[in-house]
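A.B. asks: Quick one: this structure, given as structure tokens, is what I'll be asking you about.
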Amino acid sequence: MSEHAVQQVPIRVTVNGRELAAEVEPRLLLSDFIRHHAGLTGTHVGCEHGVCGACTVLVDGAPQRSCLVFAAQADGAEIRTVEGLAEPGAPLHPVQQAFHEEHGMQCGFCTSGFLMTTVALLEETPHPSDEQLVDALSGNLCRCTGYRNIVAAARSAERKLAEAGDE
Amino acid sequence: MKPASFEYRAPEQLDELLELLADDFTDVRVIAGGQSLVPMMNFRLSTPELLLDLRRVDELGALEHRPDGALSVGATVTQARLLRQLEQQGGWPVLAEGIRHIGHPQIRSRGTVCGSLAHHDPTAELPALAVALDARMTVAGPQGRRTVAAADFFTTYYETVLEPGELLAEVVFPAWPAARGWGFRELARRRGDFALVGAVATVDRDAAGATAEAVALVLFGVGERPVRLGGVEQALAGKPLDAAALASVEPLVAEAIDPVDDLHASADYRREIAVQLSVGALADAWERSSARV
């Protein structure tokens, strides 16, 4: 098949509420589609084999590693990336605010993945047990913080979201 | 870390998909969740010419209880979807506990039950669970469908009885008796890592509740496929699983398995852990079981 012209797969996805149509090569990873086609470079690419979790985005509401999905497979999906959490200039999303206040980051490379994982967890489980929280965060690696502040930030985000929900 | 080029198709009809899969002259792979296949493709350990995506075939997405109480899980049902169903509707608690040990939420939300079974990593949870629960695999191919018992499905590392042109269309877990007890123990270096060793056990007590009528014990991470410890199961049948009974089968576990050394653990360490996890899983299963109704 390599002697033929490269196949282009038409896809239509929604990224942070914006509809995008594109023609993609089958081997294009969703992570690269988000960065290079959608132009959203907040999704970071770390290991590219599903270990580090830096590229975590929400696909139809579920946290997934975008380096382990082909863009062609995401046809019809609704994708949320870190850019979708808050508009530029607008107040940060409660989870972002919590990571900022608790200093749940150092170099920041892993942060967008942690944010999306935390958002997904708290949307499905507003008050996770310690076990559930650690299980959710265990799929993301951070080589700087030692995780303590990340866990504290997730707990702070839980409170912020609960307060926002009460209002 | 980018995959080699391939052609991609996502047909809506199973017949069309099976026809494409039966092409002897093309290296075809089926993709569902892709949580094992895509890393292999990113490393270029796997370089299929044609990738067939199952996601548009509606009939492969079924997750349903059958009239006989069995649970059938179609090829595109994710691990997260099955786990949610089990948590909400009950039944097969050992399956739920096993799934919680698979990777991380990001993996389980995309990875499929059948994909893990067809991939057959011998340190994975689902193959051992399928064997322990006497699951039946429905294999679809050019000649139609055939059913394979889980015990016969896994052959060796990353190999199953699936022939070229065939795919695992569904797995069927037989009805789960409410009185059945279960144990699931696993040792991994870190949460979500592949297991060094794991043990799955179930116990069905007799009508008086005094002894174990039937015992199942399956280990993973100790060989080329899930290992069912028939000798231990027979030795414990008809007995209460008290400390003495459990201690008596420790040598049987150690003798029945032949783990290998690798960079994660020595064979001796694996054998020692296998004994401890087996006894623990059996004790849990006994504890959680009640008199047959």
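A.B. asks: Among the residues of region A:76-84, is there at least one that is part of a helix (DSSP H, G or I) and either closer than 17 Å to A:Gly53 by Cβ or of a type in the set (Asp, Glu) (or both)? Give the derivation first.
C.D. replies: Step one: of region A:76-84, the residues part of a helix (DSSP H, G or I) are A:82-84.
Filter once more, so that each one left must be either closer than 17 Å to A:Gly53 by Cβ or of a type in the set (Asp, Glu) (or both): A:82-83.
Looking through region A:76-84, at least one residue is part of a helix (DSSP H, G or I) and either closer than 17 Å to A:Gly53 by Cβ or of a type in the set (Asp, Glu) (or both).
A.B. asks: Starting from residues that are under 17 Å from B:Val227 (Cα atoms) and of a type in the set (D, E, K, R), keep the ones in region B:269-293 and report whichever is surrounded by the most Cβ atoms within 10 Å (Cβ to Cβ).
C.D. replies: Across region B:269-293, the extreme among qualifying residues is B:Arg270.
A.B. asks: Output the residues belonging to region A:85-114 that are farther than 17 Å from A:Gly165 by Cα, in contact with a Gly (Cβ under 9 Å, 6 or more places away or on another chain), assigned to a helix (DSSP H, G or I) and not aromatic (Phe, Trp, Tyr).
C.D. replies: Once the filter is applied, which keeps residues that are farther than 17 Å from A:Gly165 by Cα, in contact with a Gly (Cβ under 9 Å, 6 or more places away or on another chain), assigned to a helix (DSSP H, G or I) and not aromatic (Phe, Trp, Tyr), region A:85-114 yields A:Thr111, A:Ser112, A:Gly113.
A.B. asks: Turning to a different aspect of this structure: Of the residues B:Thr26, B:Thr76, B:Thr47, which is modelled with pLDDT under 95 and of a type in the set (S, T, N, Q)? Step through it out loud before you land on a result.
C.D. replies: Details: B:Thr76 fails: modelled with pLDDT under 95; B:Thr47 fails: modelled with pLDDT under 95.
Just a single option satisfies the conditions, and that option is B:Thr26.
A.B. asks: Please report, ordered by residue number, the strands (runs of 3 or more DSSP E) entirely within region B:1-105 with at least 3 residues that are of a type in the set (Ser, Thr, Tyr). Steps first, answer last, please.
C.D. replies: Values: elements: B:7-9, B:28-31, B:50-53, B:63-65, B:71-74.
Strands (runs of 3 or more DSSP E) meeting the threshold: none at all.
A.B. asks: Looking at the structure I just gave you, is A:His36 at the interface with chain B (Cβ under 7 Å from one of its Cβ atoms), closer than 24 Å to A:Phe109 by Cα and not β-branched (Val, Ile, Thr)? Don't jump to the end; show me each part of the working.
C.D. replies: Values: at the interface with chain B (Cβ under 7 Å from one of its Cβ atoms): no; closer than 24 Å to A:Phe109 by Cα: yes; not β-branched (Val, Ile, Thr): yes.
It is false that A:His36 is at the interface with chain B (Cβ under 7 Å from one of its Cβ atoms), closer than 24 Å to A:Phe109 by Cα and not β-branched (Val, Ile, Thr).
A.B. asks: Checking A:Pro128 against (1) more than 12 Å from chain B (Cβ to nearest Cβ); (2) closer than 20 Å to A:Ala162 by Cα; (3) surrounded by fewer than 24 Cβ atoms within 10 Å (Cβ to Cβ): exactly one of these is not met. Which one?
C.D. replies: In the conditions (1) more than 12 Å from chain B (Cβ to nearest Cβ); (2) closer than 20 Å to A:Ala162 by Cα; (3) surrounded by fewer than 24 Cβ atoms within 10 Å (Cβ to Cβ), A:Pro128 misses (1) alone.
A.B. asks: Continuing with the same structure: Looking at B:His65, B:His104, can you tell me which residue is over 17 Å from A:Ala74 (Cβ atoms) and at pLDDT below 95? Don't jump to the end; show me each part of the working.
C.D. replies: On the way: B:His65 fails: at pLDDT below 95.
Among B:His65, B:His104, only B:His104 is over 17 Å from A:Ala74 (Cβ atoms) and at pLDDT below 95.
A.B. asks: Scanning region A:135-167 for residues that are β-branched (Val, Ile, Thr) and modelled with pLDDT of 95 or more, which turns out farthest from B:Arg84 (Cα to Cα)? It would help to see each step written out before you state the result.
C.D. replies: Step one: of region A:135-167, the residues β-branched (Val, Ile, Thr) are A:145, A:150-151.
Now narrow it down to the ones that are modelled with pLDDT of 95 or more: A:150-151.
On the way: A:Ile150: 26, A:Val151: 24 Å.
So, considering only residues that are β-branched (Val, Ile, Thr) and modelled with pLDDT of 95 or more, the one farthest from B:Arg84 (Cα to Cα) is A:Ile150.
A.B. asks: Suppose we keep only residues that are of a type outside the set (Asp, Glu) and at the interface with chain A (Cβ under 7 Å from one of its Cβ atoms) within region B:5-17. Which one would you say is farthest from A:Ala5 (Cα to Cα)? Steps first, please.
C.D. replies: First, the residues of region B:5-17 that are of a type outside the set (Asp, Glu): B:5-6, B:8-11, B:13-14, B:17.
Adding the requirement that they be at the interface with chain A (Cβ under 7 Å from one of its Cβ atoms) leaves B:5-6, B:8.
Details: B:Ser5: 11, B:Phe6: 11, B:Tyr8: 13 Å.
Step by step, filter region B:5-17, then rank; the result is B:Tyr8.
A.B. asks: Among the residues of region A:138-156 satisfying the criterion of being at the interface with chain B (Cβ under 9 Å from one of its Cβ atoms) and out of contact with any Lys or Arg (no Cβ under 6 Å at 6 or more places or on another chain), which is nearest to A:Gly42 (Cα to Cα)?
C.D. replies: Taking region A:138-156 as the starting set, the residues that turn out to be at the interface with chain B (Cβ under 9 Å from one of its Cβ atoms) are A:138-140.
Subsequent filtering for residues that are out of contact with any Lys or Arg (no Cβ under 6 Å at 6 or more places or on another chain) retains A:139-140.
Numbers: A:Gly139: 18, A:Asn140: 16 Å.
Result: A:Asn140.
A.B. asks: Here is a follow-up. Which of the residues belonging to region B:181-207 are closer than 21 Å to B:Asp134 by Cβ and either aliphatic (A, V, I, L, M) or surrounded by fewer than 21 Cβ atoms within 10 Å (Cβ to Cβ) (or both)? Break it down into steps so the answer makes sense when it comes.
C.D. replies: Quick first cut of region B:181-207, residues closer than 21 Å to B:Asp134 by Cβ only: B:181-186, B:198-206.
Scanning region B:181-207 gives B:Ala199, B:Val200, B:Ala201, B:Val203, B:Asp204, B:Asp206.
A.B. asks: May I ask you to list the residues in region B:134-169 that are of a type in the set (Lys, Arg) and either in a loop (DSSP other than H, G, I, E, B) or more than 12 Å from B:Cys114 (Cα to Cα) (or both)? Walk me through how you get there before you give the answer.
C.D. replies: First, the residues of region B:134-169 that are of a type in the set (Lys, Arg): B:136, B:145-146.
Result: B:Arg145, B:Arg146.
A.B. asks: Can I ask one more? How many residues are in contact with a Cys (Cβ under 9 Å, 6 or more places away or on another chain), farther than 19 Å from A:Thr81 by Cα and not polar (S, T, N, Q) if we restrict to region A:108-147?
C.D. replies: Looking only at that region, the number is 2.
A.B. asks: Please give the number of the condition B:Met137 fails out of (1) free of Cβ contacts under 8 Å to residues at least 40 places away in the same chain; (2) closer than 22 Å to B:Asp24 by Cβ.
C.D. replies: (2)
A.B. asks: Something else about it: Return the pair list, or none, for Cβ contacts closer than 7 Å from residues in region A:130-157 that are more than 20 Å from A:Arg65 (Cα to Cα) and touching a residue at least 12 places away in the same chain (Cβ under 8 Å) to residues that are aliphatic (A, V, I, L, M) and assigned to a helix (DSSP H, G or I), at least 6 apart or on different chains.
C.D. replies: A:Val151/A:Leu133; A:Val151/A:Leu137; A:Ala153/A:Ala98; A:Ser156/A:Ala98; A:Ala157/A:Val95; A:Ala157/A:Ala98; A:Ala157/A:Leu122
A.B. asks: For the condition in contact with a His (Cβ under 9 Å, 6 or more places away or on another chain) and within 14 Å of chain A (Cβ to nearest Cβ), what is the one hit in B:Leu50, B:Leu37? Steps first, answer last, please.
C.D. replies: Working: B:Leu50 fails: in contact with a His (Cβ under 9 Å, 6 or more places away or on another chain).
After applying the criteria, what remains is B:Leu37.
A.B. asks: Given the criteria within 21 Å of A:Glu124 (Cβ to Cβ) and surrounded by 18 or more Cβ atoms within 10 Å (Cβ to Cβ), does B:Val38 qualify?
C.D. replies: Answer is no for this residue.
Here is a yes/no grid of residues against (1) farther than 27 Å from B:Lys239 by Cβ; (2) modelled with pLDDT of 95 or more:
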site: B:Thr147; (1), (2): yes, yes
site: B:Ala151; (1), (2): no, yes
site: B:Tyr157; (1), (2): yes, yes
site: B:Ala169; (1), (2): yes, yes
site: B:Ala175; (1), (2): no, yes
site: B:Arg190; (1), (2): yes, no
site: B:Phe194; (1), (2): yes, no
site: B:Ala212; (1), (2): no, yes
site: B:Phe220; (1), (2): no, yes
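A.B. asks: I'd like the full set of residues that are over 17 Å from B:Ala169 (Cβ atoms) and out of contact with any strand residue (DSSP E or B) (no Cβ under 8 Å at 6 or more places or on another chain), limited to region B:90-119. Full working, then the answer.
C.D. replies: Within region B:90-119, the subset over 17 Å from B:Ala169 (Cβ atoms) is B:90-111.
Result: B:Gly90, B:Ala96, B:Ile99, B:Arg100, B:Ile102, B:Gly103, B:His104.
The values are calculated or read from the model by the stated rules, or taken from the named source; none is laboratory data. Predicted model only: the values in this text are computed from it and were never measured. Positions of Cβ are backbone-derived with ideal geometry, glycine not excepted, and every protein chain shown enters the neighbour counts.
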